[in-house]
Structures are given as C-alpha cells and as structure tokens.
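Colleague: Structure incoming, see below.
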Amino acid sequence: MQFKDRRDAGRRLAKALEAWRGRSDVLVLALPRGGVPVAWEVAQALAAPLDVLVVRKLGFPGQEEFAMGAIASGGIRVMSEPEGAWPVSERQLEAIVAREQAELTRRERRYRAGRPAPEMTDRVLILVDDGLATGATMSAAVQAARTANPKRIVVAVPVASVEAVQIVGALADEVVCPYTPAHFRAVGLWYQDFGQTSDEEVEALLSGGP
C-alpha cells in the first residue's frame, strides 16, 4: 500500500475511525506539521472539531531523522532509550531540548493565533500523525494529553512500524493503524508525495481548510 499524499492517507484512515463519527465528545488533535492534513480529513469525516497538540522530536546530532526522544507541551519529555544510552553529552542533549522547546513554543503561538487551548477533560481524544517510525513523538503526545484527564486516547495513523504500534499501544487506550508493513524503514516511503507541510498550510487547515 502507498498513499498518494497526506490528504489521501487521512481519507483512508477516517474509514477505520467511523465508529467515532458524530459523537459530541470527540476531539481530533493533529501533531503538526505533517499530521495536520491527515487529521483535517479525519475531522471532516467524523464531523469533529480539529486542533493541534504540538510535539517536537529530539533528533540525534547530524542524523536528525533518528529520534532520541521527544518533548511536548506541559514539560513532557520522552526518550526512546534511557538517558545516557545515546552517545551524546548531557550538554548536547540539553542544547537540543532548548532548541526544540523554542520551536514548540513558536508553533503553539502561531497555530493558535490567540485561540485558547481546547478543553480535553472527559473527551475522546483522537491523536493523528502521518505515520509512526520509532513512536517517540507520539508517546510524548499521549503522555501530554493524559495530563488533561480525557475519557479515552485513541492514536490514529495511516502507517507505522510494528514496534512503534507496540510502544504507543502501551500508553494509549487504542491504536488505529490500517497499515503496518513488516519492512517499514521510514514513513515517507509509503507516500507518493511526502513533501514538507508548511506553516501556512497548517494555519489554513486549522482555520477551516480545505
């Protein structure tokens, strides 16, 4: 299976989430930036509101696509391996965290444009991204969302590695993933068009799209 683009992936993912359609307690939360086009299609199909949960990957120096962990709003930090297991100094790690925290804060301000954070208590939260490789970013998102005491946390992605589904599944109440290829390698391989999602596209979709 290969998706045409993130919007196509979102439409296919929405079919696997049909049971949540039309419920007043559902809130779709996208992980920006790549998760927003996917989540927009999901939210449209489920007739649910859409917002963002900002999470930042902590990339390995020089090979940023490899996630050592991730941070999320509320001071959440998740490491894919125990701290100290990665061949980076504490000073290097803290510099990476500081840089990503600054970007996290910038994105929250820009994407919300003055809007308050959504109410998540006692709601079904559907956390959406364009795929899971290590699961570190989504793990941080789940832990951040859990602090709001939601009714249920559903992680929904079009494609993921088997290992990532297992990791995230231990934290979320449910994981919905239509495609878990045995030889995963990278999220982008499962999309014909995996171009970077811009801030402008995120803003447009959060303002109603299309």
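Colleague: Looking for something modelled with pLDDT of 90 or more and out of contact with any His (no Cβ under 7 Å at 6 or more places or on another chain) - is there at least one such residue anywhere in the range 112-120?
Modeller: Looking only at the range 112-120, we keep the residues that are modelled with pLDDT of 90 or more, and these are 119-120.
Next cut, out of contact with any His (no Cβ under 7 Å at 6 or more places or on another chain) only: 119-120.
Yes, there is a match, as at least one residue in the range 112-120 is modelled with pLDDT of 90 or more and out of contact with any His (no Cβ under 7 Å at 6 or more places or on another chain).
Colleague: For the range 96-136: of the residues being over 20 Å from ALA156 (Cα atoms) and of a type in the set (Gly, Ala, Ser), which is nearest to the chain's Cα centre (by Cα)?
Modeller: That would be ALA117.
Colleague: Restricting the search to the range 139-160, which residues are closer than 24 Å to MET68 by Cα, modelled with pLDDT under 95 and surrounded by fewer than 24 Cβ atoms within 10 Å (Cβ to Cβ)?
Modeller: Across the range 139-160, the qualifying residues are GLN143, ALA144, ARG146, THR147.
Colleague: How many residues does the range 185-194 hold that are more than 19 Å from ARG12 (Cα to Cα) and either open to solvent by less than 40 Å² (accessible area, probe 1.4 Å) or touching a residue at least 12 places away in the same chain (Cβ under 8 Å) (or both)?
Modeller: Residues meeting the conditions: 1.
Colleague: Can you name every residue in the range 1-38 that is assigned to a helix (DSSP H, G or I) and farther than 15 Å from VAL159 by Cβ? Lay out the reasoning, then the answer.
Modeller: As a first pass, look at the range 1-38 and keep what is assigned to a helix (DSSP H, G or I): 6-15, 18-20, 35-38.
Residues satisfying the conditions are GLU18, ALA19, TRP20, VAL36.
Colleague: Continuing with this model, one more query. Is at least one residue of the range 46-56 in contact (Cβ under 8 Å) with a residue 12 or more places away in the chain, part of a helix (DSSP H, G or I) and under 25 Å from ALA9 (Cβ atoms)?
Modeller: Within the range 46-56, one or more residues are in contact (Cβ under 8 Å) with a residue 12 or more places away in the chain, part of a helix (DSSP H, G or I) and under 25 Å from ALA9 (Cβ atoms).
Colleague: Based on what the data block shows, is GLY59 buried (at least 21 other Cβ atoms within 10 Å of the Cβ) and not aromatic (Phe, Trp, Tyr)?
Modeller: No.
Colleague: Something else: Of all residues in the range 12-42, which are closer than 15 Å to GLY131 by Cα and either open to solvent by less than 10 Å² (accessible area, probe 1.4 Å) or touching a Cys at 6+ places or on another chain (Cβ under 7 Å) (or both)?
Modeller: Within the range 12-42, LEU13, ALA14, LEU29, ALA30, LEU31, GLY35, VAL36, PRO37, VAL38, ALA39, VAL42 qualify.
The values are calculated or read from the model by the stated rules, or taken from the named source; none is laboratory data. Because the structure is a prediction, the values reported are computed rather than measured. Reconstructed Cβ throughout: ideal geometry from the backbone, glycine too, with neighbour counts over all protein chains shown. Calculation scope for accessible area: heavy atoms of the full protein, side chains included, ligands and nucleic acids excluded. Shrake-Rupley method; radii C 1.70, N 1.55, O 1.52, S 1.80 Å.
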